[in-house]
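The values are calculated or read from the model by the stated rules, or taken from the named source; none is laboratory data. Predicted, not measured: the structure shown is a model, and the values here were computed from it. Glycine also receives a Cβ, built like all others from the backbone with ideal geometry; neighbour counts cover every protein chain displayed. Surface areas here come from the heavy atoms of the whole protein model, side chains and all, with no ligands, DNA or RNA. Shrake-Rupley method; radii C 1.70, N 1.55, O 1.52, S 1.80 Å.
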Amino acid sequence: MSARDEVLRRVRSALGDERKPPPPVPRGYARRSAEPRADVVALFTERVAEGGAAVRHVGADELATAVAAALWGREVKRIAVPADVPYGWLAELDGVRALADSPPLDAAALAAVDGVVTGCAAAIAPTGTVVLDGGRAQGRRALVLAAARHLCVVHADQITATVPEAVARLDPVRPLTWITGPRGARGLEVLVVED
Amino acid sequence: MTGAPAPKFAAAARVALADTRARRELRAAAAVFGRRRAAVPEPPDWEALRAAGHAIRDAALLGLDAHLERLERAVTQAGGTVHWAADAAQARRVVTALSRAAGADRVVLDDSLPVRELALDAALSRAGITTAGPPARGADPGGEAEDGGGAARVAVAGVDFMVAETGTLVFVEAGDEPRASGGEAETLVAVAGIETVVPEWRDMEVLLQLLPRSLTGERMTALVTCLTGVVPGDGPREVHLVLVDNGRTRVLEDEIGRDALRCIRCRACHHVCPVYERTGGAPYGPVHTGPIGAILTPQLRGVESAAAASLPYASTLCGACADVCPVRIDIPEVLVHLRGEVVESRRARPVPPPELVLMRGLAWTMGEPRRYEAALRRGTRWARLAARGGRIRRLPGLLGAWTDARDLPAPPAEPFRAWWARRRR
Amino acid sequence: MRVALFVSCFDDAMFPGTGRAAAAVLERLGHEVVYPPGQTCCGQMHWTTGYRQEAARLARAFTEVFTGADAVVAPSASCAAAVRADHPRIARAAGDPGLARAAEGLAVHEFTEFLVDVLGVADVGAVFPHRVTYQPVCRADRLLATGDRPLRLLRAVRGLDLVEMPGAGECCGFGGAFAMKNADVSVAMVADKVGHIRDTGAEFVCAADNGCLAHIGGALSRLRGGVRVLHLAEILAATRGQGVPA
Ligand code: SF4
């Protein structure tokens with residue numbers, strides 16, 4: 001008997017023949033929230049800051065300046081960016097060299113950058129989390145995880161009011177990276193774009 | 001395993017108690033957890049989340065066969081490969097073979113529970129493969145080469161949850177313990193206990209709230225990675241999932257004991273346990289520790305050995321663990337149940353243990369009022385003779401453990417029932 | 001109301017004052033107290049130590065004695081919890097549906113719970129001019145959902161200066177068989193508990209169970225802690241003109 005058949009046989013014999021269906025899952029926890037958008041965005045900002053990451057609100061027309069200022073403020077000289085990062089985000093860089101991850105940067109090249117700039121797929125207000133799914137402007141996981149500094153651009157309409165709302169919005173078939181707070185020496189900085 | 005049999009909990013605990021520095025550290029760790037938890041107010045729907053978490057984990061276990069088959073299909077469809085292991089030896093063979101096939105002489109291994117349970121570190125070393133822990137995230141990448149980090153071909157990582165519906169593997173990292181699930185390795189070998197499956201993706205909306213708060217006291221852990229099969233151009237080119245039984249189906253057989261398999265390995269029960277706070281993990285054995293270890297290990301390994309049989313007794317049944325457990329495992333009641341299993345397994349022994357003789361005798365005496373009353377008179381007389389200044393300072397036999405550090409008052413000459421009878425006259 | 005008093009075997013032999021006090025309080029409140037003959041032991045120790053068959057034997061004997069009583073009151077929290085929560089489990093483990101039905105049919109109350117919930121009183125007319133601290137009974141309080149009922153009763157006692165014990169919610173380390181099987185850990189726990197009790201400056205530490213109190217009291221006595229242990233019922237029984245119970 002293969003290990004597979006053996007394990008499944010054991011599971012079946014452990015559960016027995018007269019199985020009752022498990023009771024339904026009571027989902028009485030908060031799934032959606034009717035809070036006004038402005039409060040949700042404010043809560044996200046508060047929680048990101050509480051977690052120890054820098055966070056700023058910017059208008060869409062100020063984004064390029066804000067990105068440049070954030071990098072300048074941290075003395076970042078070389079950044080890596082996903083190949084499809086919107087050109088406008090990087091339009092005002094001053095003294096910063098941006099390397100597009102296309103063709104994919106090798107480990108040595110990644111090791112030589114000071115930071116990355118990405119977007120996100122969703123953000124969660126009550127936990128102060130940004131979630132990347134490898135989609136537009138987010139790049140592959142190695143790019144994000146290797147960098148010492150991560151500047152993440154979050155559009156206000158990407159912020160969900162609850163964890164269940166974020167889970168519903170995310171596609172689990174995509175590679176998901178949930179980032180909360182700065183970890184170790186790694187710095188997270190968030191720019192919330194009010195569209 | 002060879003060598004002397006493992007010591008009983010009490011004997012190992014005596015050694016641990018003598019280590020005052022370790023006790024101070026344990027106490028400090030418990031205090032840190034308490035403070036962190038207190039700093040983050042409990043969400044208003046916490047009890048509803050616990051109820052949902054309980055039901056989700058039960059649903060996972062009660063349909064485990066179907067969920068595992070569904071998971072296997074989903075992982076395979078997404079480009080991953082599923083392997084099965086009935087026991088630890090099989091799992092070690094699978095992981096070693098996969099590492100060899102990938103041409104790795106170095107493997108990155110995280111410090112997760114399945115990796116420790118299967119002693120993969122030692123197994124890979126025996127196969128001539130060097131192992132290293134994953135580099136701390138965000139560490140200065142230039143430093144990695146010096147401490148032996150750097151990109152390895154193969155990463156072996158313990159899985160926290162797997163979603164049957166989508167084939168998604170979920171890795172939850174607290175800030176201080178990086179996992180090997182990052183995007184660096186070419187081949188990812190994910191190792192999972194079969195019980196870590198959950199039926200649906202939306203179940204993660206509950207577990208990703210319950211686990212972080214219970215694990216670190218925070219609202220969300222530093223990093224959560226969800227990986228479904230192979231993603232072209234992103235992360236490992238090969239994803240292998242090793243599904244490990246290693247005693248879990250044995251636990252599943254016991255309708256009461258199986259509740260232990262709901263565990264999501266958050267360690268909240270450790271942080272609140274007054275016994276663990278004083279003994280630390282060592283007396284519980286090498287893999288599962290704390291209150292959950294006390295109910296899991298005797299079930300995984302059986303209660304024949306004295307060490308495993310002592311674990312269900314390593315608790316005052318105070319219930320602090322059950323109050324905090326995010327999936328509401330009633331650990332004290334499972335402990336009582338397992339104590340029953342221990343006693344049952346000893347009944348058939350040719351020479352009955354002294355405790356069994358004593359407890360049987362007591363029940364025989366107490367089960368009948370006249371026998372009880374006669375024994376009460378005898379016992380009162382005897383105990384009053386043994387007392388000095390109204391206190392008993394030394395008891396014989398099994399009761400001696402009491403008086404080693406505690407006095408016992410001498411029983412009064414007149415028991416309650418005698419007083420009542422006298423009053424009525 | 002006619003109240004059937006259950007006095008645990010341990011209290012019967014070792015702390016008869018607790019049963020006397022419980023009877024006195026109930027009678028003072030105008031209720032009739034009976035002590036059903038033939039009662040012995042609820043089987044708690046056997047059950048929680050793993051002796052299922054023996055526990056079933058004792059549970060059956062208990063149920064026979066108390067079936068038919070309007071209300072069974074036990075001034076031992078752990079025994080009340082054993083009868084209410086464990087007896088049905090004992091019956092299930094023994095495959096004895098008759099016992100399960102009988103056990104579930106009993107109206108068993110822990111003493112403080114009976115006073116507050118069934119009789120609806122918090123002030124039982126007690127006078128106890130002393131500094132007192134209170135220790136919960138962890139497992140029983142969980143199974144019985146005791147909550148703050150004992151504290152409500154204590155707060156209503158005239159002259160009583162109730163001081164909160166730091167870390168009161170942490171187990172004292174008794175745990176029945178645990179106190180013997182894991183004596184070292186048990187003693188390490190009670191040593192910390194004794195420290196907290198002393199910090200309160202209380203003259204008395206009280207609880208609703210003499211098991212925990214024998215453990216705490218035994219350690220206080222050995223360590224010459226200077227604080228006395230007293231069952232809560234004995235405080236509630238004290239009235240003006242009566243000295244401190246011995
Ligand atoms: S048993 Fe302990 S480790 Fe497992 S989920 Fe419950 S509290 Fe967490």
*Check each residue of segment B:245-271 and keep those whose accessible area, probe 1.4 Å, is at least 50 Å² smaller with all protein chains in place than in the chain alone; give them in order of residue number.*
B:THR249
*Share of pairwise Cα separations in chain B, more than 43 Å, in percent*: 23 percent
_How large is the direction-averaged shadow of the alpha-carbon convex hull of segment B:354-424, in nm²?_
5.6 nm²
*Which FRET efficiency value, to the nearest 0.05, is calculated for B:GLU42 and A:ARG78 with the Förster distance at 60 angstrom and r the Cβ-Cβ distance?*
0.85
*Calculate, in nm to one decimal, what A:ARG56 and A:HIS155 gain on full extension: separation in residues at 0.36 nm each, minus their alpha carbon distance.*
34.5 nm
*Which of the GluC sites (Glu not before Pro) found in segment C:120-203 are loop residues per DSSP with 14 or fewer other Cβ atoms within 10 Å of their Cβ?*
C:GLU164
_I'd like the residues of segment B:313-356 whose 1.4 Å-probe accessible area shrinks by no less than 50 Å² going from the isolated chain to the full set of protein chains._
B:TYR313, B:THR316, B:LEU317, B:CYS318, B:GLU333, B:VAL336, B:ARG347, B:GLU355
*With N residues in segment B:201-252, what two-decimal value do you get for its Cα radius of gyration over 2.2 N^0.38 Å?*
1.54
*Could you tell me the total accessible area buried at the B-A interface, probe 1.4 Å, in square angstrom to the nearest hundred?*
4700 Å²
*asked:* Let me check I have the definition right: for the protein assembly as shown, take the eigenvalues of the Cα gyration tensor, multiply each by 5, take square roots. What are those semi-axes in whole Å, largest first?
replied: 57, 30, 24
*Radius 11 Å from Cβ of A:ALA112, net charge of other residues (Lys, Arg +1; Asp, Glu -1)*: +1
*asked:* Among B:MET220, B:MET359, B:MET162, which one shows the highest mean-square fluctuation when chain B is modelled as a Gaussian network with alpha-carbon springs under 10 Å?
replied: B:MET359
_Residues in segment B:186-200 that a label on A:MET1 would reach, taking backbone N under 19 Å of a point 7 Å out along Cα→Cβ_ = B:194-195
*Per residue, what accessible area does chain C have, given a 1.4 Å probe and all protein chains present, in Å²?*
34 Å²
*Spit out the partnerless Cys residues in chain B, using Cβ distances under 4.7 Å as the pairing rule.*
B:CYS226, B:CYS263, B:CYS266, B:CYS273, B:CYS325
*asked:* Compute and list, largest first, the equivalent-ellipsoid semi-axes of segment A:40-195 from the alpha carbon gyration tensor, each √(5λ) rounded to a whole angstrom.
replied: 23, 18, 14
*C-alpha long axis of helix B:331-347 to longest principal axis of chain B, angle in °*: 70 degrees
*For A:GLU35 and A:ALA98 in the same chain, what is the full-extension length gain: residue separation times 0.36 nm, less their Cα-Cα distance, in nm?*
18.8 nm
*asked:* Between helix B:88-101 and chain B, what is the angle of the helix's C-alpha long axis to the longest principal axis, kept within 0 to 90° and rounded to the nearest 10?
replied: 20 degrees
*Cα centroid separation - segment A:1-50 against segment B:350-417, whole Å*: 51 Å
*Per-residue ³J(HN,Hα) for segment A:25-37, Karplus 6.51 cos²θ - 1.76 cosθ + 1.60, θ = phi - 60°, Hz, x for Gly and Pro*: 6, x, 9, x, 7, 5, 9, 10, 9, 9, 4, x, 3
_Give me the dipole magnitude in Debye, nearest 20, for the protein assembly as shown about the Cα centre, with unit charges on the beta carbon: positive for Lys and Arg, negative for Asp and Glu._
4220 debye
*asked:* Cross-link candidates for B:LYS8: which lysines have Cα within less than 25 Å, leaving aside residues fewer than 8 places away along the same chain?
replied: C:LYS181
*Solvent-accessible ranking of B:GLU184, B:GLU304, largest area first, probe 1.4 Å*: B:GLU304, B:GLU184
*Provide the per-residue ³J(HN,Hα) series for segment A:141-158, in order, calculated from phi with Karplus coefficients 6.51, -1.76, 1.60 and θ = phi - 60°, each as a whole number of Hz, with x at glycine and proline positions.*
5, 4, 4, 6, 7, 7, 6, 6, 10, 10, 9, 10, 9, 10, 7, 3, 6, 8
*For chain B, what's the relative contact order in percent, using C-alpha pairs closer than 8 Å and at least 6 residues apart?*
18 percent
*Using a Gaussian network model of chain B whose springs link C-alpha atoms within less than 10 Å, name the residue from B:LEU120, B:LEU223, B:LEU207 with the highest mean-square fluctuation.*
B:LEU223
*asked:* For segment B:354-424, what does the relative contact order come out to in percent, with C-alpha contacts under 8 Å and a separation of six or more?
replied: 23 percent
*Say each of C:ALA156 and B:ALA28 gets a label point 7 Å from the Cα, pointing the same way as Cα to Cβ; how far apart are those two points in nm?*
4.8 nm
_How much accessible area per residue does segment B:277-425 have, counting only protein heavy atoms and a probe of 1.4 Å, in square angstrom?_
45 Å²
*Specify which residue in the list B:GLY79, B:GLY217, B:PRO312 is farthest towards the positive end of the charge dipole of chain B, using unit charges on the beta carbon of Lys, Arg (+1) and Asp, Glu (-1), about the Cα centre.*
B:PRO312
*Which of B:PRO326, B:PRO411, B:PRO212 moves most in a GNM of chain B, Cα contacts under 10 Å?*
B:PRO411
*Going toward the positive end of the dipole of chain B, with +1 on Lys and Arg Cβ and -1 on Asp and Glu Cβ, which of B:GLY280, B:LEU399, B:ALA268 do you reach last?*
B:LEU399
*So which chymotrypsin sites (Phe, Trp or Tyr not before Pro) in segment A:8-73 are both in a DSSP loop and have at most 15 other Cβ atoms within 10 Å of their Cβ?*
none
*Report, to the nearest whole %, how much of the accessible area of the protein assembly as shown belongs to carbon and sulfur atoms, 1.4 Å probe, protein only.*
53 percent
_Exercise: per-residue mean of other protein chain Cβ atoms within 10 Å, B:54-67_ = 4
*Between B:ARG106 and B:GLU304, what FRET efficiency follows from the Cβ-Cβ distance if R0 is 51 Å, with the result rounded to 0.05?*
0.80
_If I take every Cα pair under 8 Å that is 6 or more residues apart in chain C, average their sequence separation and divide by the length, what percent do I get for the relative contact order?_
20 percent
*Over all distinct alpha-carbon pairs, what is the Kirkwood Rh of segment C:131-237 in angstrom?*
13.8 Å
*Take the Cα atoms of segment C:2-118, find their three principal axes, and give me the spread along each one in whole Å, biggest first.*
42, 28, 24
*Would you please give the FRET efficiency between A:SER13 and C:ASP199, computed as 1/(1 + (r/R0)^6) with r the Cβ-Cβ distance and R0 = 41 Å, to the nearest 0.05?*
0.15
*Which percent, nearest 5, of DSSP beta bridges in the protein assembly as shown are antiparallel?*
25 percent
*What is the extension gain from B:ARG393 to B:GLU165, computed as 0.36 nm multiplied by their sequence separation minus the C-alpha to C-alpha distance, in nm to one decimal?*
75.7 nm
*For segment C:1-63 and segment B:78-108, compute the distance between their C-alpha centroids and round to whole Å.*
60 Å
*Could you state how much accessible area is buried at the C-B interface, both sides summed, with a 1.4 Å probe, in Å² to the nearest 100?*
5700 Å²
*Treat every Asp and Glu Cβ in segment B:354-424 as -1 and every Lys and Arg Cβ as +1, leave all other atoms uncharged, and give the resulting dipole magnitude about the Cα centre to the nearest 20 debye.*
400 debye
*Using the Karplus curve 6.51 cos²θ - 1.76 cosθ + 1.60 with θ = phi - 60°, work out ³J(HN,Hα) for each residue of segment A:116-129 in order, rounded to whole Hz, and write x for Gly and Pro.*
10, 10, 9, x, 8, 9, 6, 9, 10, 4, x, 10, x, 9
